[in-house]
Amino acid sequence: YDRGIRHIHELPLNQIEGFRLQYAQYMASKTQKPFMDRAALQVWMKQIKYPISYLDFEWDTFAVPPYMNMKPFDVLCFQYSLHVETSDGNLTHYNFFESKDCRRHFIEQLIKDLPKTGTILVYNMEGAEKLRLKQLASQFEEYREELESICSRMVDLSKPFEAGLYYNSKMRGHYSLKSILPVFSKDVSYHDLDIQNGLNAVFAYRTYDEKDEKEKKEVKEAISTYCQMDTYAEYVVYHGLIKEVEKDA
């Protein structure tokens, strides 16, 4: 900055490490338009099979295990949102929310709602949804095979952005779902929601059982709406990538 450098493309190339995401950022700055590795994106997209399930969980973490078969700092999933898209473009939404020890019902309802075939698209799955299902499989051995089958069909929607296959300067160096959504849609936004992030959802969940029935309904709707936005955002982002790939080179 002291040397008058204001934009990424003004940096001397020998001062850049050169990993893929950094290269994508440099090229987007230089050309003043989104950078895309179209061939690599096309290869990544070939693995996506219909029906496509867009999946997201909400959970709380417990230092002291409150329920059977939980270990210190295990999590308890209390919410999932699932959008299922068929090859004809039909989009169906499924929702789950419960308090207290809802693990078994969570597993059973998820297995029931998820299609038996097709790709399950998840954002940042290794540190989130996939890890949650592995923990549930260790707690409930009778569901291990089905939960591992679900994990085997998961594809991480964050990878094309993490790897620098697509970069828009509007992302400002970030590739969280909330950072990427505005790149592909001006109309779909978290800003008008009562709950706008995962921490808010957890805080609302922690007070759920203390509320009266009217307040419980409001909290449940707010958390469910937030989680539903996550899976709809995955749908918007994935189709945004498809449109970018299909544009003329």
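The values are calculated or read from the model by the stated rules, or taken from the named source; none is laboratory data. Everything numeric here is computed off the predicted structure, so don't read it as measured data. For neighbour counting, all protein chains shown are included, and Cβ atoms are generated from backbone atoms with ideal geometry for every residue, glycine included.
Quick grid of which residues meet (1) out of contact with any Leu (no Cβ under 6 Å at 6 or more places or on another chain); (2) small (Gly, Ala, Ser):
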{"position": "137", "(1), (2)": "no, yes"}
{"position": "142", "(1), (2)": "yes, no"}
{"position": "146", "(1), (2)": "yes, no"}
{"position": "151", "(1), (2)": "no, no"}
{"position": "159", "(1), (2)": "yes, no"}
{"position": "177", "(1), (2)": "yes, no"}
{"position": "192", "(1), (2)": "yes, no"}
{"position": "211", "(1), (2)": "yes, no"}
{"position": "219", "(1), (2)": "yes, no"}
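Sort through 40, 24, 28 and tell me the only one that's out of contact with any Leu (no Cβ under 8 Å at 6 or more places or on another chain) and either outside the structural domain of residue 95 (by TED's automatic domain parsing) or among the aliphatic types (A, V, I, L, M) (or both). Outline the logic, then answer.
Details: 40 fails: out of contact with any Leu (no Cβ under 8 Å at 6 or more places or on another chain); 24 fails: out of contact with any Leu (no Cβ under 8 Å at 6 or more places or on another chain).
Exactly one residue qualifies, and that residue is 28.
Out of the residues in region 163-177 that are among the aromatic types (Phe, Trp, Tyr) and within 18 Å of residue 243 (Cβ to Cβ), state the one that is surrounded by the most Cβ atoms within 10 Å (Cβ to Cβ).
Pass one, region 163-177, residues among the aromatic types (Phe, Trp, Tyr): 166-167, 175.
Now restrict to residues that are within 18 Å of residue 243 (Cβ to Cβ): 166-167.
On the way: 166: 26, 167: 28.
The residue in question is 167.
So residue 46 clears everything in (1) in the same structural domain as residue 129 (by TED's automatic domain parsing); (2) farther than 21 Å from residue 209 by Cβ; (3) in contact (Cβ under 8 Å) with a residue 40 or more places away in the chain except one condition, right? Which one?
(3)
Would it be correct to say that residue 126 is at pLDDT below 95, charged (D, E, K, R) and either under 25 Å from residue 175 (Cβ atoms) or assigned to a helix (DSSP H, G or I) (or both)?
Values: at pLDDT below 95: yes; charged (D, E, K, R): yes; either under 25 Å from residue 175 (Cβ atoms) or assigned to a helix (DSSP H, G or I) (or both): yes.
When the stated conditions are applied, residue 126 passes them.
Could you say which residue among 193, 181, 199 is outside the structural domain of residue 23 (by TED's automatic domain parsing), at pLDDT 90 or above and of a type in the set (A, V, I, L, M)?
Going through 193, 181, 199 in turn, just one is outside the structural domain of residue 23 (by TED's automatic domain parsing), at pLDDT 90 or above and of a type in the set (A, V, I, L, M): 181.
Results for (1) acidic (Asp, Glu); (2) in the same structural domain as residue 225 (by TED's automatic domain parsing); (3) buried (at least 20 other Cβ atoms within 10 Å of the Cβ), shown as yes or no for each residue.
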residue: 87; (1), (2), (3): no, yes, no
residue: 92; (1), (2), (3): no, yes, no
residue: 101; (1), (2), (3): yes, yes, no
residue: 116; (1), (2), (3): no, yes, no
residue: 121; (1), (2), (3): no, yes, yes
residue: 131; (1), (2), (3): no, yes, no
residue: 142; (1), (2), (3): yes, yes, no
residue: 160; (1), (2), (3): no, yes, yes
